[in-house]
Amino acid sequence: MSFCFNDANVAKIEALKKRYPSAQALSLPCLWMVQYQEGYISLDAIDVIAEVTDTPAMEIYRVATFYTMFHLEPTTQKRVLVCKTLSCKLCGSDAVLEQLKKHDVLVEHVECLGSCGTAPVMQIDDVNYENLTPTKVDAIVEGLR
């Protein structure tokens, strides 16, 4: 296997083992750690998580593919999550999506980002950008370069 958790994540896993009722409960935290460490979740990483959590690799894979926030392939493009729920839709998320198509970013239309009062909203690297307009979208994306 070519994947290894870095030292900081190994320490986090050891600390979490004391808080969780079983090793299997570490599946989601381990998936997050891999994604933050590597930028995506490889099949080698899934095998390592399976060992750490004493869970069949297919179960870890099933969890990783169920949730839209996990990525199983690397990308060179910046990922931009755009909320597609009612509040954002009513407040202009369609215009946000159209504006994002003009930029070299990977747009993912996702369920609620938890910021309905400041719709429309998008998220980049776990940072929410709220009360969006097409002009704000251009400024945000240009600021990423």
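The values are calculated or read from the model by the stated rules, or taken from the named source; none is laboratory data. Source: prediction; values computed, not measured. Please note: Cβ atoms are built from the backbone with ideal geometry, for glycine as well, and neighbour counts cover all protein chains shown.
Consider the range 101-140. How many of its residues are modelled with pLDDT of 95 or more and of a type in the set (A, V, I, L, M, F, W, C)? Total meeting the criteria: 7. Any residue in the range 32-50 that is in contact with a helix residue (DSSP H, G or I) (Cβ under 6 Å, 6 or more places away or on another chain) and either free of Cβ contacts under 8 Å to residues at least 12 places away in the same chain or within 29 Å of ALA139 (Cβ to Cβ) (or both)? Taking every residue of the range 32-50 in turn, at least one turns out to be in contact with a helix residue (DSSP H, G or I) (Cβ under 6 Å, 6 or more places away or on another chain) and either free of Cβ contacts under 8 Å to residues at least 12 places away in the same chain or within 29 Å of ALA139 (Cβ to Cβ) (or both). Can VAL63 be described as modelled with pLDDT of 95 or more and surrounded by 13 or more Cβ atoms within 10 Å (Cβ to Cβ)? For VAL63, the condition - modelled with pLDDT of 95 or more and surrounded by 13 or more Cβ atoms within 10 Å (Cβ to Cβ) - is met. In the range 67-75 there is no residue that is surrounded by 14 or more Cβ atoms within 10 Å (Cβ to Cβ) and either farther than 21 Å from LEU31 by Cβ or in contact with a Cys (Cβ under 9 Å, 6 or more places away or on another chain) (or both). Screening the range 46-145 for helices (runs of 4 or more DSSP H) wholly inside it with 1 or more residues that are over 27 Å from TYR20 (Cβ atoms) returns the ranges 86-90, 93-100, 134-143.
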